[in-house]
Amino acid sequence: MTKAEFTGFLREVFKQIAAASQDGALIYTCIDGPHLHELLNAGYEAFDELKTVICWGKTTPAWVRSTVFRPS
């Protein structure tokens with residue numbers, strides 16, 4: 001899927017969520033860092049405003065947590 005296709009997919013999902021939500025509802029979404037731009041672009045098109053963006057800064061790489069090997 002290209003960047004434009006993924007943004008379009010997110011836009012359609014967000015439009016469906018917005019249509020099913022009451023005014024003033026807070027929508028919580030999660031995505032990985034490399035795709036944050038697509039999520040924000042799609043979200044701005046589907047919703048009236050952005051309240052806040054929270055970033056979780058991981059200190060341990062995912063591959064370390066997902067393996068039996070633990071570096072000392």
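Extending 7 Å from Cα along the Cβ direction at residue 37 and again at residue 20 yields two label points whose distance is 3.0 nm. In segment 1-47, the portion of solvent-accessible area held by carbon and sulfur atoms comes to 58 percent [1.4 Å probe, whole percent, DNA, RNA and ligands not counted]. Of the peptides 1-9, 20-28, 38-46, the order by per-residue mean of other Cβ atoms within 10 Å, starting with the highest, comes out as 38-46, 1-9, 20-28. Modelled spin labels at residue 29 and residue 1, positioned 7 Å past Cα toward Cβ, are 1.1 nm from each other.
The values are calculated or read from the model by the stated rules, or taken from the named source; none is laboratory data. Model, not experiment: these values are computed from the prediction. Using ideal geometry, Cβ is built from the backbone for each residue, glycine included, and neighbour counts are taken over all protein chains shown. Protein only, heavy atoms only, side chains kept; ligands, DNA and RNA dropped before computing areas. Shrake-Rupley method; radii C 1.70, N 1.55, O 1.52, S 1.80 Å.
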